[in-house]
Amino acid sequence: MIKLENVGIKFNLGIERNYSFKQLFVDLLKGKRKKKQPEFWALKNIDLDIKKGEVVGLIGTNGAGKSTLLKVVAGVMKPTEGKVSVSGGISPMIELGAGFDMDLTARENIFLNASVLGYSEDFVKSKFNEIVEFSELHDFIDVPVRNFSSGMVARLAFSIATIVEPEILIVDEILGVGDVAFQAKSEAKMMDMIKGGTTVLYVSHNIESIKKICDRVVWLDHGKIIKIGDPVTICDEYRNKIMK
């Protein structure tokens, strides 16, 4: 269902952040060349095969490449090298609320965000009450989103993203949104999707959540896969490593 073959993503890091066209022109007149920008591989030599209905967790420290890998699978980023094959519709929960217009109300953003996700207006109208009910934002539905807390924005975005059961669900640290009760409801919603056969790629720093939900775990470090295997075994080894 998801297959990555020798996937790599390379970025160029600018040494001189304030380098301008004016400075470039001056340097050319003086015969100087701009320094070559160093390369940074966010992902390198990634080989991963995820089967239909499988729940795979990604663990690693900040900067390990977890979110980048999710964006490659979601099609948000194109790999520098290698091949990505995805079979099935994707619902990406990455940077929830990033597509919201903060000057619009929650009601207006429901239709805006849903249209970005590919849902028709008629479909959204039929699911509108369900979205509001799940988000628990009844009293704020006609309030501009700029007045929302980050937790409220994430709750609204999560409620929109989960109005259908996608074939592939990509989740990046979203089960920690809202209060404890909403976190439990979000996790229950995702578990329902898993039971329904949804394939899940899940990133979290909550090791216990990874152990509970996932069938397999991929341990990433500096853009490379360290190990793939049983959630309990890999998570315990990872935890012991970072605690040293």
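Observations, loosely collected:
- Ranked by how many other Cβ atoms sit within 10 Å of their own Cβ, fewest first, the residues V180, V203 fall in the order V180, V203.
- Within the chain, percent of DSSP bridges classed antiparallel, to nearest 5: 55 percent
- ³J(HN,Hα) computed for each position of region 44-55 - Karplus, 6.51 cos²θ - 1.76 cosθ + 1.60, integer Hz, glycine/proline x: 8, 6, 8, 10, 8, 10, 10, 8, 4, x, 7, 10
- Checking the Cα-Cα distances for K51/K125; K52/K211; K3/K189; K71/K189; K3/K211 against a 31 Å cut-off, the pairs over it are K51/K125.
- Charge dipole of the chain about the Cα centre (unit charges at C-beta), most positive-ward option of T198, A74, M102: A74
- Placed amide H near I226: partners under 5 Å, 5+ positions off or other chain: W219, L220, D221
- The string of couplings for region 139-146 from the Karplus curve (6.51, -1.76, 1.60, θ = phi - 60°) is 7, 10, 5, 10, 9, x, 5, 4 Hz, one whole number per residue in order, with x for Gly and Pro.
- Set of aspartates and glutamates near K127 by C-alpha distance (under 15 Å), chain-local residues within fewer than 8 positions excluded: E108, E136, E165
- GNM flexibility winner over the chain from F182, F134, F11 (Cα, springs under 10 Å): F11
- Entry note, the chain: relative contact order of 27 percent, from Cα contacts under 8 Å with a spacing of 6+ residues.
- Taking the fewest neighbouring Cβ atoms within 10 Å as the starting point, the ordered list for H205, H138 is H138, H205.
- Rounded to the nearest 10 degrees, the inclination of helix 180-195 to the longest alpha-carbon principal axis of the chain is 90 degrees.
- When only the Cβ of Lys, Arg, Asp and Glu is charged (+1, +1, -1, -1), the dipole of the chain relative to its Cα centre reaches about 1620 debye.
- The chain - Rg (one decimal) and Dmax (whole number), Cα, Å: 20.8, 66
- Burial order of peptide ranges 46-58, 139-151 (average beta-carbon count within 10 Å, highest first): 46-58, 139-151
- Counting neighbouring Cβ atoms within 10 Å and putting the fewest first, the residues M1, M93, M243 line up as M243, M1, M93.
Any read-out appearing in this document is the output of simple, stated calculations on the displayed coordinates, not a laboratory observation. Since we're looking at a predicted model, the values are computed, not measured. Cβ: placed from backbone, ideal geometry, glycine included. Neighbour counts: every protein chain shown.
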